[in-house]
Each structure stands twice: as C-alpha cells, then as structure tokens.
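The values are calculated or read from the model by the stated rules, or taken from the named source; none is laboratory data. Keep in mind the model is a prediction, meaning the values are calculated, not measured. Positions of Cβ are generated from backbone atoms using ideal geometry, with glycine treated the same way; all protein chains shown enter the neighbour counts. SASA here: full protein model, heavy atoms, side chains in, ligands and nucleic acids out. Shrake-Rupley method; radii C 1.70, N 1.55, O 1.52, S 1.80 Å.
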Amino acid sequence: MKPKVAFFDFTCCEGCQLQIANLEEDILGLVNLVDVVEFREVLTGTAPAYDVAFIEGSISRAADEDRIKDIRARSKVLVAFGACATTGGVNKLKNLWGDIDKVKKEVYGKDFAMPQLDTYPTKAVHEVVTVDFKIHGCPITRSEFIKVVKALVLGTTPDIPDYPVCVECKMRGNECMFDKGYTCLGPVTRAGCNAICPANNSSCEGCRGAMLNPNNTVMKEVLAKNNLTVEDIKRQFTMYSLDPEVGK
Ligand code: SF4
Ligand code: SF4
Ligand code: SF4
C-alpha cells in the first residue's frame, strides 16, 4: 500500500508548494510512489491520518500552534519544508520589531487593524512540535524534494548536505562575492542549492539555514580579511534567522 501523504501550509508565500505543484513530468513518478490525500493547492478532500505530513510555513499565531500540534498527532512522520518552516523564514523578522502595532502598520498600511498578525512570536515548526526531517531553502529545490520522498518511501534517511555553500560555489568555479566587493553568508550556510545565488552574481543570504556546526572561525576570518565584523552584516544574518553571534 502506498504511504498516505498530506501537505499543509501555515504562514508563507506558498512558493514551496508551488515548486511541488510544478514538478511537471516528475509528478507522475510522485503519484506512483505515494497517495496524496490532502494538498489544498491542487486537490480537495481531507484524511484523518497521514504516513507523512509535509509542512510549509512558519507558526505565527496561537491558533497555528493548536493546528500544527493536531497535525503532528495524526502523522507518523512530519517534514518541514522551506525556510519559513525550517527557520521561521522572513516571517520571523516580526519578532525583532517588538511592537506588533508598528509591524502591522508597516505590513498593512491603512488596513493595519486586520487581524492576521498577533503578538504570538513567529516560530519555526521544530520550535513547536517534533520535526523528523527538513527540506531547506527559499524556495525548496524540486530535486531535493523528490530525493527526500524517495528516501522516506524506501525507509531510509534522506541525505541532506551539511557542509557550506562555499564548497558548491568553489566547485562551480564562481568568483567569490567578497572579491567583487559584496558580503556573503556562504561560509556558514548549509549547501544543497548548488550555490545558485553566487553563480548568478548574488550573495548567499542563508536561506537554507546554518549548518549544524558552522565554521565560525572561517566566517570570522573571511570578514576580517575584508575589514568587516559580524556586526557590520548583522542584518544579513537575521534575514533567515542565522545566529548573528556566529564568528564571535
Ligand atoms: S520558504 Fe520562501 S518560497 Fe517557501 S513559502 Fe517561505 S517565503 Fe515562500
Ligand atoms: S563566500 Fe559566497 S561567493 Fe564566496 S565562495 Fe563562499 S559562497 Fe561563494
Ligand atoms: S546561495 Fe544561499 S541564499 Fe541562495 S539559494 Fe543557496 S542557501 Fe539560499
């Protein structure tokens, strides 16, 4: 029997679900492997329990916390996918502002009284319930999603990179963004995106989150070589909730 799989979204732009909905020819392979029983973006219907629940988005309201706990209780395996779910994503910037009315005015302008934001601090999914696996990125890559699904169906542990983006960047032969006069979080960010940003002349902003043991010394050395400190690029660290203390 094929595993029952469901997709759920919380606070997010739904871009990661779109990556899955746009799998094109690979969607047939996916449907052969699993039985998709809930996926609001592409089908109607619900199910009482799931072998694997894929969670997109961050937990941003008290009501979200109840909902994710209920999903967790009905799921054998829970996978957080996309930066919003794995790190809190850009939604977590709300927590840095402190004053929720200020945040609402910034987001909604004259409609700031809308109820979509409350004082609940935005959290990554693992900060509320146990997460079995994470698929990183903003957005996720389709190939990594397929890799994780295949591993789960086979009962093996998905192989998610835990080395820095710089490794993939150097393998591609990119010129370093620091050498071009920019800053970059590649030394401490988890690889797996094939260094797509530096390869396209953009700095790594850390959307795949920090590695388990980021090499703080190297980050510090790279910054020092460019006459910078962690404090100088603190805003870059906080975009995807990388620890700005890294390198200190
Ligand atoms: S991780 Fe990025 S692409 Fe995915 S839902 Fe969040 S904001 Fe959208
Ligand atoms: S710092 Fe950025 S641009 Fe430089 S090698 Fe690392 S990932 Fe590439
Ligand atoms: S290079 Fe950095 S910001 Fe760009 S996709 Fe990879 S991890 Fe994300």
Item to check | Output for segment 39-73, where each listed residue is assigned to a loop (DSSP other than H, G, I, E, B), of a type in the set (D, E, K, R) and exposed (fewer than 14 other Cβ atoms within 10 Å of the Cβ) | outcome: 41
Checklist outcome for this item: Matching residues in segment 148-167 (out of contact with any Ser or Thr (no Cβ under 9 Å at 6 or more places or on another chain) and open to solvent by 20 Å² or more (accessible area, probe 1.4 Å)) number 11
Next on the checklist: So residue 99 ticks every box in (1) open to solvent by 40 Å² or more (accessible area, probe 1.4 Å); (2) more than 27 Å from residue 235 (Cα to Cα) but one. Which box is left unticked?
Outcome noted: (2)
Checklist entry - residue 115 versus (1) within 16 Å of ligand 2 (Cβ to nearest atom); (2) out of contact with any Gly (no Cβ under 8 Å at 6 or more places or on another chain): which is the lone unmet condition? => result (1)
Checklist entry - Condition test on residue 78, is it aliphatic (A, V, I, L, M) and either modelled with pLDDT under 95 or more than 30 Å from residue 34 (Cα to Cα) (or both)? => result no
Next on the checklist: Which residue is nearest to residue 115 (Cα to Cα), if the candidates are limited to segment 2-38 and must be open to solvent by 30 Å² or more (accessible area, probe 1.4 Å) and assigned to a strand (DSSP E or B)?
Outcome noted: 11
Item to check | Any hit, segment 141-152, residues being within 16 Å of ligand 1 (Cβ to nearest atom), out of contact with any Pro (no Cβ under 7 Å at 6 or more places or on another chain) and closer than 16 Å to residue 205 by Cβ | outcome: yes
Checklist entry - When segment 196-217 is examined, which residues are found to be at pLDDT 90 or above and open to solvent by less than 60 Å² (accessible area, probe 1.4 Å)? => result 197, 198, 199, 202, 203, 204, 206, 207, 208, 209, 210, 211
Item to check | Candidate set from segment 40-85 (those that are out of contact with any helix residue (DSSP H, G or I) (no Cβ under 7 Å at 6 or more places or on another chain) and of a type in the set (S, T, N, Q)); member that is nearest to ligand 3 (Cβ to nearest atom) | outcome: 75
